[in-house]
1. Per-residue counts of other Cβ atoms within 10 Å, averaged by peptide: what ranking do you get for 104-116, 11-23, highest first?
2. For each cysteine in the chain, check whether another cysteine's C-beta sits under 4.7 Å from its C-beta; list those where none does.
3. Please go through the residue pairs K43/K103; K43/K187; K126/K187 and name each one whose alpha carbons sit more than 28 Å apart in this structure.
4. Determine the sum of side-chain charges near I88: Lys and Arg each +1, Asp and Glu each -1, restricted to other residues whose C-beta is under 12 angstrom from that of I88.
5. Given a cut-off of 27 Å, what percent of all Cα-Cα pairs of the chain lie beyond it?
6. Based on Cβ point charges of +1 for Lys and Arg and -1 for Asp and Glu, what charge dipole magnitude is obtained for segment 18-84 about its Cα centre, in debye rounded to the nearest 20?
Amino acid sequence: MNSQKKSKWTTLIIIDSQAVKNTCNASIESKGFCSYKATNGIKRHLAVDTLGFPFFTYLTRANVSDDQGLIEMLTFNIDYFKSKPDDITLTTILLDSGYHIEKLTTDLQKVYPEIMTKIRFEISPKVSKQQKAEKGLSGFVVVLTRWVIERSNAWVERCKILVKNFERTLVNATAKLNLCFIRLMLKTIATHEI
């Protein structure tokens, strides 16, 4: 048995959002239109660790921007960052190019002025067309480190109940998402020796 205790303070959180179509069961609370993805439904905002397991989950209507969803998710979980000691490494929050660091920083400092002494945002660089051509690649190319959250989204899609939003409320939809991840984490624990 490994006697080393893992720190509860992570150094990397990877964040992304995913628009999900509603079914006819959805209520007004969970209806929104994401023009970028042309999806009428909800948006899942997900923050994962380096293994792809959730740090935070947060659901909104699909019309909520990625920036606003991230601000709400971190605000809802701000106690984690408030209790993080100042003398340890900053937590890097890895984002894609759909997020705007200046807006995030300004709005989060209104919620918790010392937040930027605990975290730093980093945009994960996209592979350019020239880089794809040099490597003989085309279409979707995995971006280093961000593939972890893409895999987490794929895990969620394997839970058939989460392929679309069948829930009437965002609370119920959040519970279903969390249950999916609990099942995956229990399965992982069960396959490893304790």
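A short reminder: the numbers here are calculations on the coordinates, not readings from a lab. What you see is a predicted model, and the numbers here were worked out from it, not measured in a lab. Every residue, glycine among them, receives a Cβ derived from its backbone with ideal geometry; neighbour counts consider all protein chains shown.
1. Answer by packing, highest mean first, reads 11-23, 104-116.
2. Cysteines lacking a close Cβ partner in the chain: C24, C34.
3. Working: K43/K103 20 Å; K43/K187 26 Å; K126/K187 33 Å.
Correct reply: K126/K187.
4. Details: positive: K8, K84, K118; negative: D86, D87.
Counting the neighbours of I88, the net charge comes to +1.
5. Details: 6652 of 18721 pairs.
Everything past 27 Å amounts to 36 percent.
6. Values: 8 positive and 6 negative charges, 37 e Å.
Value, rounded to 20: 180 debye.
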